[in-house]
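Here, each number is a calculation from the coordinates, and none is a lab measurement. In this text the structure is predicted, and so the values were computed from the model without any measurement. Virtual Cβ from ideal backbone geometry, glycine too; neighbours counted across all protein chains shown.
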Amino acid sequence: MGQKVNPIGFRTGIMTGWKSRWYASKQEFAELLVEDKKIRDFIKKRKDKAGRALYPMIARIEIERTRDEVKVILFSARPGVLIGRKGERVEELQNELQNLVGRRINIKIEEITRPEVVAQLVAEDIAEQLSKRASFRRTMKRAMEQTMEAGAKGIKIQLAGRLGGAEMSRREKQIAGSIPLSTLRAKIDYGFAEAMIAQGHIGVQVWINQGTYSEVDTDGVDAQTGQTPKKPKRSYKR
């Protein structure tokens, strides 16, 4: 089961919070959901003239909505690049997003201090190396060593595609440390990226075990209140 389930989706609402935090009526829900997707795609897929990502090293994007504005929180390992000189790049992004969705946008940037243990950033780094025609085995080994040295409990990397320019696509996997598949308390981070090479696309999947959730991090209290009582209901005889 654990190999087929996205670890983030598996824990959302139990151990971790939602990436989009807002409520809407049935009439507006679909429209706002599409709007969230547009915002995320615009930030992640925007490229400069050289074909490089315009907003690099963004691990995740969280969106909160009020009646007046949309708050977009960017978690980045390189906040200086996103902010730009005197905040000009943030203002530019803010104006572009406002034109895209037609609402007032408020952008907040959070710094990631240890990018080596964030699965999405590790996956994107591997994909970038593969695009530059680096050896896939050497790239995987180097990424695993860096992550384990940064203090992770375990890491699993899986590549799929025409590895090394082979005729037939295949799947290669490497594991270091422990990656529990079904333990909800284990803090498993998951990331996916695609490397575009001359022979086609190579999919990069990364699982990183960051340890266990503390009581403060979890949404467990909310989950516990929604549980059914363990004691059976009393049956009253007529």
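General observations
- Subset of K156/K187; K37/K141; K19/K49; K37/K71 violating a 25 Å alpha-carbon distance limit: K37/K141; K19/K49
- Nonlocal amide H pairs with L54, under 5 Å, H built at 1.01 Å: R46, K47, D48
- Within the chain, helix-based [θ] at 222 nm, where runs of 4 or more DSSP H residues each add -39,500 (n - 2.57), nearest 500: -10000 deg cm²/dmol
- Compared with the alpha-carbon gap, the fully stretched path from K141 to S214 is longer by 23.3 nm at 0.36 nm per residue.
- When the alpha-carbon atoms of the chain are used, the pair Rg, Dmax equals 20.9, 80 angstrom.
- Cβ-Cβ FRET estimate between R162 and F42, R0 fixed at 30 Å, reported to 0.05: 0.50
- Using the Karplus relation 6.51 cos²θ - 1.76 cosθ + 1.60 with θ = phi - 60°, the per-residue 3J(HN,Hα) values for the stretch 142-154 come to 5, 5, 5, 4, 4, 5, 5, 5, 6, x, 6, 7, x Hz, with x marking Gly and Pro.
- Cα centroid separation - the stretch 10-72 against the stretch 76-115, whole Å: 13
- Potential lengthening between T183 and A30 on full extension [0.36 nm per residue; Cα-Cα distance subtracted]: 51.8 nm
- Normalising the average separation of contacting C-alpha pairs (under 8 angstrom, six or more residues apart) by the number of residues puts the relative contact order of the chain at 19 percent.
- Dimensionless Rg over Rh [the stretch 39-136; C-alpha; Kirkwood]: 1.00
- Amide H contacts under 5 Å for R104: V70, restricted to partners 5 or more places along the chain or on a different chain, H placed in the peptide plane at 1.01 Å from N.
- Full extension of the chain between R103 and H201 gives 31.7 nm of extra length, using 0.36 nm per residue less the Cα-Cα distance.
- Ignoring lysines fewer than eight residues from K86 along the same chain, the ones with Cα atoms less than 18 angstrom from its Cα are K108.
- Ordering of 143-152, 130-139, 83-92 by packing [mean C-beta count within 10 Å, highest first]: 143-152, 130-139, 83-92
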